1. Nearest 10 degrees is fine. How inclined is helix B:324-343 to the longest principal axis of chain B, computing both from alpha carbons?
2. For A:Arg21 and A:Asp231, what does the FRET efficiency come to when R0 = 35 Å and r is the distance between their Cβ atoms, rounded to the nearest 0.05?
3. For B:Cys74, B:Cys84, which order do you get if you count the other beta carbons within 10 Å of each Cβ and list the fewest first?
4. From zero up to wherever the largest Cα-Cα distance of chain A sits, split into 10 Å bins and tell me the percent of pairs in each.
5. Regarding region B:36-108, what's the average projected area of the Cα-atom convex hull, expressed in nm²?
6. Using the C-alpha gyration tensor of region B:144-288, what are the square roots of 5 times its eigenvalues, in whole angstrom, with the largest one first?
7. Amide H to amide H under 5 Å from A:Trp182: which residues, 5+ apart in sequence or cross-chain, H placed 1.01 Å off N in plane?
8. Considering the zone a paramagnetic label at B:Ala171 would reach in this model (a point 7 Å from Cα along the Cα-to-Cβ line), which residues of region B:117-146 have amide N under 17 Å from it?
Amino acid sequence: MSRRKTERLLSLVVCLLSTRRYLTAEQIREAVGVYPDQPEAFKRMFERDKEELRELGIPLETGRVSPLDEEEAGYRIRRQAYELPEIRLEPDEAAVLGLAARVWRHAELAGAAAGALLKLRAAGIDTSGADGAASQGIEPRVHTDEPAFGPLWQAVRDRRPVTFAYWAAGRGEPQRRNLEPWGVVNRRGRWYVAGMDTDRGAVRVFRLSRIEGPVTLSGPPGSVTVPEGTDVREVVRSWDRAAPQRRTALLRVRHGAGYGLRRHAAGKQDGSQGSGEHTGPAGGWDEITVPFADVMWFAEHVASYGADVVVVDPPDLREAVISKLKGALA
Amino acid sequence: MSRGQQGGPRTSRGQKAGEGARAGQPATSAERLRRLLALVPYVVSRETAGLAETAAAFGVSERELVDDLNMLWCVELRDPYPYCPIDLSYEGGEIVISQAESIGRPLRLAVDEASALLVALRMLAEVPGLEDRSALSRLIAKLEAAAGEAAAPSAQVAVHVDPPDGDGVVAKVREAVARRRRVHMRYYVPGRDEATERDVDPMRLLVVEGRAYLEGWCRRAEAVRLFRLDRILGLTVLDVPASVPAGAEPVDVDQGLFRPSPDDVHVVLDVSAPGRWVAEYYPCESVEELGDGRLRIHLRTPDTRWVRRLMLRLGEDGAVIAPAALRAQVREDASAALAQYAAT
């Protein structure tokens, strides 16, 4: 069954590529030869076959067979639209191509990367050097563990709106969101989708791991317009970027501890001070100033250092840390 | 008489059409058609290709490949008289396609295909210190040109690469990996809030999810370890050859970078809605919804010091359920910290 279907589809592609003029369904049936004679059965099978070719990315064109006949549709595949343009690669380019194809291994676009590689090899490109010097000792990967990645990429690609349930930070239950997605971006190992939240009438960024359940396509292809000049990477970056750090904290940090804070300390304290062998007396303390933006977030960060870091100033930060610690004690 | 009723193209092996064995999973009609359409240009662009090497390039057995070739050879159209548009032979194990008619060139790249490669290449191009940058940008330009319109949606997917500090750590690591040299580094371990000094024999540079890691044999831990490049406080390439023990197993990057081990401590945490991020941020064994946005999280870890720090951070939004000793430690940590505030 499957074999006969492959044979039929292959003949159909060759037939439609071999013609310059549009062929009617009947002409195609005769040329390909293996379609059923019964008109209804042929029509159904031909419709399915056309759909199958389109899914493979084969540019099947529909047009009028003759200018006098408005009814009869004809079909053809234009070679120029079908064929991969000439592409030649230098050996070093072919080597990084192999590296790029490995990025998606086992992830959502793995099949697509393999398909692309197959076509490029078919165009005469030799990728056997991909395991050579250029890619040695380097292993790139991107994972797409979030189930929402596949449907969101399709939605972005086909410009379709989506709806999904989303756990906003700190909420007790997920909420339904309606989004015109503009793009998906991986930042610090997490996937985000950015776009127009149509309920709120504003640009929003969502983390894919917080999407609960299925992502449903809620409109036809082409119905989403990405505003001209939109840089989705920039949208996600500016959303993710911390607020300007306008305040400073004065902290007492025990020798040999608090590296995560020392690295951000004002002045030249990059963590070398007080590390390993103590520069001061054992059990001694350094005072450092660290910029911060959000009291609650920074209080959590400082609290995580326990008895190794003490807030001297400002008082609201000090209170927030004490309250965090009391919470952990409860 | 059509070709389908004949024996098959000239062959030294005598396989007949329709005998194709299926190694592994059977391909769907669509997958097989994709392969058939690539097979003809693959051979045509090389003038001739060996059966064995072609089968390997397409990831099929030689029997499957021969079956594909027979199927291509059997294509017959009527225009209006029957003719066979594809002629080929694989005599002596060498494929030659003498007539390929209309399918001599591969099909254009689909949007997904162009995107998969372009997104990956743009990510690689952002990794600082990769010396193949010029090859990367030339390849990106060529693929964009070849893909045409299909390249456009790839701009809507991106993997952001964290730029590490300006010390050129990536370049130094690349050099050490390529020249097989030992490195000395100061490395920050946030889970323990420690800056550690260690010698490492580099194995690979991993770029996973836009983050760069050095994989190497840590001579301090006497084990394979991953070091995040943005946590390296300083690195020197030593004039000592790297010596990675023969038994050192590289990390299986496809299984996730951090795998629990059976010796790990089993930790159970409850978090309320503001602490749900914990389940996304750390590799968890299982996560249960408790209602009202609360979660019960099970995880395994060789070192619970980071969990203690996490609990201080969570405050009232988190609680250790098990083990009891860890719960007691967190209380001690919190009271020791509060004692500092009482004293000042």
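1. The helix B:324-343 is inclined about 50 degrees to chain B.
2. Rounded to the nearest 0.05, the efficiency is 0.20.
3. Starting with the residue having the fewest Cβ neighbours, the order is B:Cys84, B:Cys74.
4. 5, 15, 17, 21, 19, 9, 6, 6, 3, 0
5. 4.9
6. Semi-axes, largest first: 28, 27, 16 Å.
7. HN-HN under 5 Å from A:Trp182: A:Ala194, A:Gly195, A:Met196.
8. Only B:125-135 fall inside the zone, counting backbone N under 17 Å.
Computed from the coordinates by the stated procedures, all read-outs in this text should not be read as laboratory data. Bear in mind the structure is a predicted one, so any value in this text is a computation, not a measurement. Here the Cβ is made from the backbone with ideal geometry for all residues, glycine too, and neighbour counts use every protein chain on show.
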